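The values are calculated or read from the model by the stated rules, or taken from the named source; none is laboratory data. Model, not experiment: these values are computed from the prediction. Because the Cβ atoms are built from the backbone with ideal geometry, glycine has one as well, and the counts that use them run over all protein chains shown.
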Amino acid sequence: MRIHILGTGLEGLATALILEHNGFDDVHLVHVGVNRGAPAVELPPNGSRVLYALGLKDQLESYAAAPQMEHRRTAATGYLLQQRPLGHFTHDRYKAPHLTIATTALTAILREASKRLESHDTHTGDADNADLTIDASGCGSSPLGYEVTTTPWSSSWHTTASAGNVITSWLSDNQYLRQIPTPEGTFVLHVGSATPHPRFASLWASDHTVGRQPVLDHAPFGSWIDGRCVLLGSAAHPLLPFTNQDFALALEDAWVLARMLDGFEDDTDLALREYQRYRLPRATRVQRYAREQGQLVTESRRAAKVSRNLRLALGYWFLPEMALSAEDWLYEYDCLKGFD
């Protein structure tokens, strides 16, 4: 089977590598559009376990960071609302680590893991000569014609020289900031519809800014399949930037799709339907979760903010196990063992 993958970013590279891992050897990457990817990537346990299964554990441990804690703070006061243990705690609880890595480093790892792909990059004009086309080109660039909407938010990335071992999220009125430490320094994501809070601006003062772009969204699609073209990753289910799940979900998608294609090798149409049957409910749930988190962390109504802060703080300080277990469904998902 000749497979073309639209998109040469992380999602496309990882999909190609996963297909290779499952025995598909006629896989081609197709350049489409402009890569709008983030300069840093979080690999929560449900994503890192897929890369470990591909034999990339040593490379990731060499080039990724393993933060020990995740904090949530209010921008107004700097008060620590929550602290979630990562590091060994995450590995013990979910049997896989929470990692952070610069996109350039992860791209190099994926390329090195499959050098054969270097010679299989394809021009867009050759994309029709495929038995199956997988669209991993990202949100807003799908050839299937699905429309996305522009949210009130825009996002920008900033870099600082400082590192550390704590991921920090800052909550403010109509805006949000997340600091992601990596071995190359700390990458700062700002999402907002207003002038940055003074505390936010001070966190990246005089450092490099990586563009600003609108935040796109769409409701879950009813179908990811159009003939022998199928959506995967952000092209199928773009997430609002309030979770760490974008790349992890794409890895899950790619693994399940590869297993379905291998299991139903004589019936590609059935394989695609089964892939969608397994993946659509989870992706829809994570999309809904991202919207809920966006509303939570950018809340601007005074009474609602007080209620939120009390709920978050009381939960993590006095009922930590209950608070942690609320996200077990997200991180303990193991597509290597099953798909439900």
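Details
- Residue check, R84 in contact with a strand residue (DSSP E or B) (Cβ under 7 Å, 6 or more places away or on another chain), within 29 Å of S172 (Cα to Cα) and surrounded by 19 or more Cβ atoms within 10 Å (Cβ to Cβ): no
- For region 62-72, the criterion of being under 24 Å from L336 (Cα atoms) and more than 19 Å from the chain's Cα centre (by Cα) is satisfied by at least one residue.
- Count of residues meeting criterion [modelled with pLDDT of 70 or more and part of a helix (DSSP H, G or I)] in region 86-132: 19
- When region 294-339 is limited to residues that are of a type in the set (S, T, Y) and part of a loop (DSSP other than H, G, I, E, B), the one that is farthest from L54 (Cα to Cα) turns out to be S300.
- Hits in region 1-60 - residues which are of a type in the set (V, I, T) and either out of contact with any Leu (no Cβ under 8 Å at 6 or more places or on another chain) or assigned to a loop (DSSP other than H, G, I, E, B) (or both): T8, V32, V34
- Only residues that are over 23 Å from P152 (Cβ atoms) and among the aromatic types (F, W, Y) were counted in region 173-191, giving 1.
- Sole exception among (1) within 16 Å of L330 (Cβ to Cβ); (2) buried (at least 17 other Cβ atoms within 10 Å of the Cβ); (3) without any contact (Cβ under 8 Å) to a residue 60 or more places away in the chain for R279, by number: (3)
- All told, A254 meets the bar of being among the hydrophobic types (A, V, I, L, M, F, W, C), over 20 Å from A75 (Cβ atoms), under 22 Å from the mean Cα position of the chain (by Cα) and not in a loop (DSSP other than H, G, I, E, B).
- Residue match in region 260-267 (condition: among the acidic types (D, E), more than 18 Å from E42 (Cβ to Cβ), in a helix (DSSP H, G or I) and free of Cβ contacts under 8 Å to residues at least 60 places away in the same chain): no
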